[in-house]
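The values are calculated or read from the model by the stated rules, or taken from the named source; none is laboratory data. Keep in mind it's a predicted model, so treat the numbers as computed, not measured. Cβ placement follows ideal geometry from the backbone for every residue including glycine, while neighbour counts extend to all protein chains displayed.
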Amino acid sequence: MNEKVICAGFGGQGVMSLGRLISYTGMRVGMEVSWLPSYGPEMRGGTANCHVIVSDTLVGSPVISHDATAVLALNYPSMVKFEHELIEGGYMFYNSSLIEEAPGRKGITAIAVPSNEIASEVGDLRVANMVMLGAYIAVCRPFTLEDVVEALREVFGPGKEKFIPLNETAIKRGIEVAEKAAVGS
Amino acid sequence: MDKVLMKGNEALCAAAIRGGCQFFFGYPITPQNEIPEYMSRELGRAGGTFLQAESEVAAINMVYGAAGAGARVMTSSSSPGIALKQEGISYICGAELPCVIVNISRGGPGLGGIQPSQADYFQATRGGGNGDYYLLVFAPANIQEAADLMIEAFDLADLYRMPVMILGDGMLGQMMEPVVFKERKPRDLPQKDWATTGTAGKRKPNIINSLRLDPAELENLNIRLQEKYAQLKANEVRYETHQTEDAELVFVAYGTSSRIVKNAVAVMRANGLKAGLIRPITLWPFPEQAFEELPDSLRALMSVELSHGQMIDDVKIAARGRWPVGFYGRSGGMIFTQQEIVEAGEKLLREVSHVSGV
Amino acid sequence: MSVVFEKTKGLTEKEFHYCPGCTHGIIHRLVAEVLEEMDLLGDAIGVAPVGCAVLAYDYFNCDMHEAAHGRAPAVATGVKRALPEKTVFAYQGDGDLASIGTAEIVHAAHRGENITVIFVNNAIYGMTGGQMAPTTMIGQRTTTSPFGRNAEQTGAPIRIAEMLATIEGASFIERTSVHNPVHIRKAKKAIRTAFECQQNRKGFSMVEVLSTCPTNWGMSPLASLGWVAENMIPYYPLGNFRNPDKEA
């Protein structure tokens with residue numbers, strides 16, 4: 001396996017923590033990982049993105065350039081910016097709650113994930129990133145839902161354990177959406 | 001020991017504390033801010049002292065003071081801040097004091113930018129300040145290596161009584177990778193009987209000083225420094241070679257950007273081109289030995305840097321005219337892609353073939 | 001026969017390099033006597049400046065650290081943080097402290113750094129050959145103010161003691177002079193109080209000492225002492241500007 005994932009969106013949509021969770025879970029299940037954030041003025045609003053690599057061999061360059069296997073785009077500018085980073089046959093998961101049109105790039109698989117709507121339905125807009133994560137693991141299968149939940153348990157610690165059910169629900173709903181989309185395509 | 005996922009900047013700090021760091025004096029500058037932030041939180045808990053100075057100039061002079069008093073001390077900054085520290089670094093070298101300096105460098109000149117850059121190679125490897133001196137300069141390529149080198153850095157600084165610099169860039173500082181903190185290997189280190197700890201009325205005063213008004217005395221200091229540098233060249237050079245055994249083209253690259261070059265080597269090999277990589281881990285002393293082990297199949301070298309060519313000078317010195325030396329670089333925080341390197345490498349090989357009439 | 005006077009053990013046997021009539025020698029001796037009398041020589045670490053007193057490390061009979069120009073308070077901070085139980089002092093001139101080293105002195109005071117600074121103000125750069133300092137008097141001729149210091153172009157002389165006295169972290173600030181025996185005794189008392197402040201962990205202490213530079217002022221030693229009284233003291237008033245005991 002050599003997953004190269006770009007997570008991108010507005011600052012505040014949780015794309016950095018989404019990427020960190022993917023790397024952390026990957027590390028916990030014994031993979032080699034790296035997480036490379038964009039840094040600088042983006043930290044204070046605007047767009048944010050990170051490059052995540054999960055691989056069964058040592059990570060070479062942590063920079064993803066035209067070889068992303070998946071892009072998780074939480075907003076429109078991110079989708080437009082990063083669709084050309086995908087390899088042929090790569091996956092574009094896009095937040096269809098905020099992005100009305102499908103990506104223009106040919107030769108990739110586009111998966112619409114209404115992250116904001118689902119997050120609102122499960123009770124907290126802040127878990128839109130977890131809905132996206134669910135969709136990603138359903139399709140690309142770098143690890144399982146259980147792996148993610150165990151990683152979350154460590155990341156949250158006892159103090160924030162109460163947030164796990166909400167996050168788990170959001171991930172499950174993301175999985176369902178992606179599985180339906182896959183059947184439909 | 002457990003694997004933890006950590007930012008490079010923070011891993012450097014955790015390793016420094018394991019390496020025996022007692023004091024940290026610094027000043028905020030992007031992209032190294034996680035270092036003073038981490039130290040302000042953790043160094044006190046480890047029994048040390050963190051102090052945010054009023055400037056980089058003050059910070060390095062506090063390092064000079066604490067190092068003279070016998071403490072294990074470090075500072076960190078980024079390119080323009082390191083430029084300000086050069087005054088103190090020169091004094092520290094003149095007074096032969098140990099310390100550790102981290103440069104999480106950024107693009108220049110001037111205020112430049114904050115994205116990854118390797119434009120401080122000259123500054124790091126040519127002393128940087130006034131006078132005839134060098135630092136031991138490490139350029140880790142990943143976070144594990146950064147932590148490993150940092151754990152050793154304080155011992156090496158004490159052993160040679162000189163500053164050790166860890167040169168990274170924003171990519172190394174900001175990215176996260178798994179890291180395992182290893183135990184520090186115990187070393188026999190000389191007593192710091194030169195430190196200004198108070199005479200207690202039992203010995204003659206110790207003086208920490210870089211002023212030598214007598215030319216003969218100053219020359220003696222310089223000769224002693226050169227002897228020390230000769231020892232470093234003999235004992236502390238580190239590098240990695242990757243697929244050089246049968247190579248026709250060998251890239252030379254260091255730090256995080258060497259990882260992109262390594263990927264390019266894989267792509268070229270897959271395309272049937274025999275590429276390899278020399279990765280200096282010590283930038284000073286520069287690993288000239290690595291070039292003595294290159295195979296007869298070699299047709300060209302190429303220095304690849306996030307600058308417009310600084311290390312290439314050392315590559316040319318090491319090549320001693322035996323092979324043509326090409327260059328590829330980007331700057332200002334622009335990062336080359338592996339494809340750019342593959343194309344530059346292929347182009348160089350074509351040019352070399354053309355010249356030699358093959 | 002009883003000994004009525006001997007050289008302080010706070011100074012080494014090294015002969016001073018200072019010009020005839022320069023008051024650095026007196027000020028060195030006062031600091032050294034105070035350290036000896038307080039039994040601090042074995043505990044003290046001094047920091048020497050760049051300027052005429054650059055070789056102070058050869059004269060004080062305790063551990064010494066030579067600093068870059070203006071950085072003595074930062075170097076002293078590093079020493080003191082590493083060795084908080086020791087007595088740490090910096091000895092600086094007016095070019096060193098009041099010009100190139102303003103950031104370091106202000107912030108050492110601002111942090112309440114528990115060090116003692118001896119600030120020798122003779123209104124000129126001595127070692128480099130008599131150039132204008134921020135402390136140079138209006139109308140004073142120097143090698144870089146050959147027509148006399150002009151306030152319109154170069155500002156008015158800076159009063160360091162008053163400035164530092166506005167800083168919360170400063171514990172003891174006093175301006176003294178060594179132009180006659182009465183004031184020499186007062187200066188010594190102030191230096192002693194400053195070191196006592198440090199011993200009692202009261203924070204930053206500084207004693208400014210008005211001093212002479214006969215060579216670069218172009219005057220005899222005696223005339224120089226008079227010049228301090230007539231020209232410097234009216235502008236740089238002597239006295240205490242901050243004292244922890246008075247505030248308490």
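Among the residues of segment C:25-45, which ones are part of a helix (DSSP H, G or I) and aliphatic (A, V, I, L, M)? Please lay out each step first, then the result.
Pass one, segment C:25-45, residues part of a helix (DSSP H, G or I): C:25-37.
Residues satisfying the conditions are C:I26, C:I27, C:L30, C:V31, C:A32, C:V34, C:L35.
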ask   = Out of all the residues in segment B:29-50, is one or more under 20 Å from the mean Cα position of the chain (by Cα) and over 19 Å from B:M175 (Cα atoms)?
value = no
remark   = Residue pairs qualifying under the 6 Å Cβ cut-off, at least six apart or on distinct chains, with the first in segment B:70-90 being away from every other protein chain (no Cβ under 12 Å) and on the phi < 0 side of the Ramachandran plot and the second being at pLDDT below 95 and in a strand (DSSP E or B), are none
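Please tell me if B:V261 is within 14 Å of chain A (Cβ to nearest Cβ), buried (at least 17 other Cβ atoms within 10 Å of the Cβ) and either aliphatic (A, V, I, L, M) or not in a helix (DSSP H, G or I) (or both). I'd like the intermediate steps shown before the answer.
On the way: within 14 Å of chain A (Cβ to nearest Cβ): yes; buried (at least 17 other Cβ atoms within 10 Å of the Cβ): yes; either aliphatic (A, V, I, L, M) or not in a helix (DSSP H, G or I) (or both): yes.
The answer is yes for B:V261.
So which residues in segment A:71-91 are in a helix (DSSP H, G or I), among the hydrophobic types (A, V, I, L, M, F, W, C) and either closer than 18 Å to A:V177 by Cα or touching a Pro at 6+ places or on another chain (Cβ under 7 Å) (or both), if there are any at all? Give the derivation first.
Of segment A:71-91, the ones in a helix (DSSP H, G or I) are A:76-85.
Add one more test, that the residue is among the hydrophobic types (A, V, I, L, M, F, W, C), and what stays is A:79-80, A:82.
Listed by number, the list holds a single entry, A:M79.
If you scan segment A:44-85, which residues turn out to be acidic (D, E) and surrounded by fewer than 17 Cβ atoms within 10 Å (Cβ to Cβ)? Please lay out each step first, then the result.
Taking segment A:44-85 first, the residues acidic (D, E) are A:56, A:67, A:83, A:85.
Across segment A:44-85, the qualifying residue is only A:D56.
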request  = Would you be able to say whether some residue in segment C:116-132 is surrounded by fewer than 24 Cβ atoms within 10 Å (Cβ to Cβ), more than 10 Å from chain B (Cβ to nearest Cβ) and touching a helix residue (DSSP H, G or I) at 6+ places or on another chain (Cβ under 6 Å)?
outcome  = yes
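Which is at pLDDT 95 or above and under 29 Å from C:S224 (Cα atoms), of C:A82, C:A108, C:A151? Break it down stepwise before answering.
Numbers: C:A82 fails: under 29 Å from C:S224 (Cα atoms); C:A108 fails: under 29 Å from C:S224 (Cα atoms).
Matching residue, one of C:A82, C:A108, C:A151: C:A151.
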request  = Within segment C:18-47, track down each residue that is free of Cβ contacts under 8 Å to residues at least 40 places away in the same chain and at the interface with chain B (Cβ under 10 Å from one of its Cβ atoms).
outcome  = C:D39, C:L41, C:G42
inquiry  = If the requirement is being assigned to a helix (DSSP H, G or I) and closer than 18 Å to B:M176 by Cβ, which of these qualifies: A:L18, A:L36?
reply    = A:L18
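Taking the condition in contact with a strand residue (DSSP E or B) (Cβ under 9 Å, 6 or more places away or on another chain), farther than 19 Å from B:E248 by Cβ and not polar (S, T, N, Q), does B:G309 pass?
Working: in contact with a strand residue (DSSP E or B) (Cβ under 9 Å, 6 or more places away or on another chain): yes; farther than 19 Å from B:E248 by Cβ: yes; not polar (S, T, N, Q): yes.
Here the answer is yes, as B:G309 does meet what is asked.
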request  = Return a yes/no flag: does segment A:43-55 have any residue that is touching a residue at least 40 places away in the same chain (Cβ under 8 Å), touching a Cys at 6+ places or on another chain (Cβ under 9 Å) and assigned to a loop (DSSP other than H, G, I, E, B).
outcome  = no
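Evaluate the following for B:A46: is it facing chain C (nearest Cβ under 7 Å) and over 21 Å from B:G112 (Cα atoms)? It would help to see each step written out before you state the result.
Working: facing chain C (nearest Cβ under 7 Å): no; over 21 Å from B:G112 (Cα atoms): yes.
So B:A46 does not fit the description; no.
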task = Mind listing whichever residues of segment B:203-259 are out of contact with any strand residue (DSSP E or B) (no Cβ under 7 Å at 6 or more places or on another chain), under 30 Å from B:I166 (Cβ atoms) and basic (K, R)?
result = B:R212, B:R224, B:K228, B:K233, B:R259
inquiry  = Among (1) in a helix (DSSP H, G or I); (2) more than 18 Å from the chain's Cα centre (by Cα), there is one condition B:L111 misses while meeting the rest; what is its number?
reply    = (1)
inquiry  = So C:V79 ticks every box in (1) β-branched (V, I, T); (2) outside any loop (DSSP other than H, G, I, E, B); (3) more than 7 Å from chain B (Cβ to nearest Cβ) but one. Which box is left unticked?
reply    = (3)
key: Residue identified as away from every other protein chain (no Cβ under 11 Å), farther than 21 Å from B:M175 by Cβ and not charged (D, E, K, R) among B:L97, B:L156   = B:L156
ask   = Is there a residue being of a type in the set (D, E), surrounded by 24 or more Cβ atoms within 10 Å (Cβ to Cβ) and either assigned to a helix (DSSP H, G or I) or away from chain C (no Cβ under 14 Å) (or both) anywhere in segment B:53-62?
value = yes
message = Quick test for you: out of B:G321, B:G357, B:G333, pick the one residue that is modelled with pLDDT under 95 and out of contact with any Gly (no Cβ under 9 Å at 6 or more places or on another chain).
response = B:G357
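What's the total number of residues in segment B:6-20 that are under 11 Å from B:L43 (Cβ atoms) and out of contact with any helix residue (DSSP H, G or I) (no Cβ under 6 Å at 6 or more places or on another chain)?
Summing the residues that are under 11 Å from B:L43 (Cβ atoms) and out of contact with any helix residue (DSSP H, G or I) (no Cβ under 6 Å at 6 or more places or on another chain) in segment B:6-20 gives 2.
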task = Scan (1) aliphatic (A, V, I, L, M); (2) crowded, with 24+ Cβ neighbours inside 10 Å; (3) more than 20 Å from B:T196 (Cα to Cα); (4) more than 14 Å from every other protein chain (Cβ to nearest Cβ) for the single condition C:I138 breaks and write down its number.
result = (2)
request  = Given the conditions (1) over 13 Å from the mean Cα position of the chain (by Cα); (2) within 12 Å of chain B (Cβ to nearest Cβ); (3) not in a helix (DSSP H, G or I), report the number of the one that C:V50 does not fulfil.
outcome  = (1)
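Condition first: outside any strand (DSSP E or B), surrounded by fewer than 21 Cβ atoms within 10 Å (Cβ to Cβ) and among the hydrophobic types (A, V, I, L, M, F, W, C). Now tell me which residues in segment A:1-15 satisfy that. Lay out the reasoning, then the answer.
Here is the first cut: in segment A:1-15, the residues outside any strand (DSSP E or B) are A:1, A:11-15.
Next, only the ones that are surrounded by fewer than 21 Cβ atoms within 10 Å (Cβ to Cβ) stay: A:1, A:11-12.
Residue satisfying the conditions is A:M1 alone.
How many residues are of a type in the set (D, E, K, R) and assigned to a strand (DSSP E or B) when one looks only at segment C:222-248? Write out each step before concluding.
As a first pass, look at segment C:222-248 and keep what is of a type in the set (D, E, K, R): C:230, C:242, C:245-247.
Subsequent filtering for residues that are assigned to a strand (DSSP E or B) retains C:242.
Number of matching residues: 1.
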request  = Scan segment B:21-32 for residues that are surrounded by 17 or more Cβ atoms within 10 Å (Cβ to Cβ) and in a loop (DSSP other than H, G, I, E, B) and report the count.
outcome  = 7
ask   = Any residue at all in segment B:234-250 that is within 13 Å of another protein chain (Cβ to nearest Cβ) and hydrophobic (A, V, I, L, M, F, W, C)?
value = no
key: Filter pass, A:Y94 being assigned to a strand (DSSP E or B) and either of a type in the set (S, T, N, Q) or buried (at least 20 other Cβ atoms within 10 Å of the Cβ) (or both)   = yes
request  = Could you check how many residues of segment B:193-210 are free of Cβ contacts under 8 Å to residues at least 12 places away in the same chain and within 7 Å of chain C (Cβ to nearest Cβ)?
outcome  = 6
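Which residue, of C:T116, C:T128, is under 19 Å from C:V50 (Cα atoms) and within 15 Å of the chain's Cα centre (by Cα)? Quick ask: steps written out before the conclusion?
Numbers: C:T128 fails: within 15 Å of the chain's Cα centre (by Cα).
None of the others qualify; the one that does is C:T116.
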task = Looking at (1) more than 7 Å from chain C (Cβ to nearest Cβ); (2) crowded, with 22+ Cβ neighbours inside 10 Å; (3) outside any loop (DSSP other than H, G, I, E, B), find the lone condition where B:R41 falls short.
result = (2)
